[in-house]
Amino acid sequence: MGKKTIIPFGPQHPVLPEPVHLDLVIEDETVLEAIPSIGFIHRGLEKLVETKDYTQMVYVIERICGICSFGHGWGYCAAVEGAMNVEIPKRAEYLRTILHELSRLHSHLLWLGLLADAFGFESLFQHCWRVRETILDILEKTTGGRVIFSICQVGGMRKDIDDKTLKDIVAILNGIKAEIKELTDVFLEDDSVKNRMCGVGVLSKEDAEELCAVGPVARGSGVVQDLRMTNDHGVYGELDFEPMIEEAGDCYARCKVRIREVFQSIELIEKAVDKIPAGDVSVEVKGNVDGEFATRIEQPRGEAFYYAKGADSKFLKRMRVRTPTNMNIPALVKTLQGCDLADVPILVLTIDPCISCTER
């Protein structure tokens, strides 16, 4: 009989990009139980609705997370627009969708690099991040920022992106498709990589549904769940969208879902640019917020929930955000049970955790 030991894993760890804190109960080299600890970097951002009006809060909400900043801005604006019964122009909806898919490319390429780093493939890590720089350059050209964009506003967009620039974006993305495929083929075909992921950290479809997993974590376990399937999320209903599903439920399946979504995002951007209508990108919004509204969007990591409640003033009474990592932590705990201690960093990374998102 081995002796049970509790090993603190994180919040600082050489392999982890995020301050995840887990207490791992292990016997020999096997993890018997993982106990997460939340609150290490809590910043109290939702409390700021009491001192920042609903237009100023856009800048605060974007800073929940650097990787998901555009999606957070979009989700917040959509919640406030719903509470104020504001309908934004169609062109603004298209631009939000295009920028959101660029953010998904940014997020997934960053994640692929971190995954390569986790199993020691440093050259692959650097190449993934080198290609990601192209996406950041596009975002900087169109929004003025590489991490925080501040282009979303209540009522639409702060500025337009002209049609020529949009077509140039499509040309750039099509130009790097071959390079992305060359990199992603390593994740899918290289034996040393597959040995670290195939059959590791299996999450069954039943467990994914019971634990309410979201995003690529759920889709990698065969759960057909993607908010972009719904007609009330951007303009995805006009872009012939189908979610990427894998059945195996292991690390390899979750990786494969994200890789397929990289190429899907490029196709969605191309379709949106072809169909984007002319017109204004914002409407004037006046008055106070009096009402409440909840909305959901599909962030790169999965479903995010946004709730705004007004009190007939320019200050919200309540603002609530629930991020994908909140929902995927129970699934992470499940996949860690029974795994080898050496596989813990990779399993943590396959849910693509954002502790900055989780601890607001």
Area of residue 276 that stays accessible when all protein chains are in place (1.4 Å probe, Å², to 10): 30 Å²
Residue order for 68, 212 - accessible surface, 1.4 angstrom probe, largest first: 212, 68
Highest to lowest packing among 112-119, 186-193, 296-303, scored as the average C-beta count within 10 Å: 296-303, 112-119, 186-193
Evaluated at q = 0.14, 0.17, 0.19 Å⁻¹: base-10 log I(q)/I(0), Debye formula over Cα of segment 1-150: -0.89, -1.09, -1.19
Cα shape, segment 110-177, gyration tensor, a/c 1.5 rule: oblate
Area of residue 47 that stays accessible when all protein chains are in place (1.4 Å probe, Å², to 10): 130 Å²
Assigned charges on the beta-carbon of Lys, Arg, Asp, Glu; segment 201-344 dipole about Cα centre (debye): 620 debye
Full-stretch length increase - residue 230, residue 41 - with 0.36 nm per residue and alpha-carbon distance subtracted: 64.7 nm
Binned Cα-Cα distance frequencies in segment 209-360 - 10 Å width, integer %: 10, 31, 31, 20, 7, 1
Whichever lysines have a C-alpha closer than 19 Å to that of residue 317, once near sequence neighbours (fewer than 8 apart) are set aside: 47, 52, 286, 309
Spatially proximal lysines relative to residue 3 (Cα-Cα < 29 Å; intrachain offsets below 8 disregarded): 334
Lone cysteines, the chain (no partner Cβ under 4.7 Å): 77, 128, 152, 198, 212, 251, 255, 339
Surface per residue (accessible, 1.4 Å probe) for the chain, Å²: 41 Å²
Accessible carbon and sulfur surface of segment 77-150 relative to its total accessible area, %, 1.4 Å: 50 percent
Cα long-axis angle, helix 324-336 against the chain (0 to 90 degrees, to the nearest 10): 10 degrees
Cross-link reach list, lysines versus residue 141, counting only Cα pairs under 18 Å and skipping chain neighbours closer than eight places: 159, 164, 167
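The values are calculated or read from the model by the stated rules, or taken from the named source; none is laboratory data. Everything quoted here is computed from the prediction, not taken from an experiment. As a convention, Cβ positions derive from the backbone with ideal geometry for all residues, glycine included, and neighbour counts pool all protein chains shown. Note: areas computed on protein heavy atoms with side chains; ligands, DNA, RNA excluded. Shrake-Rupley method; radii C 1.70, N 1.55, O 1.52, S 1.80 Å.
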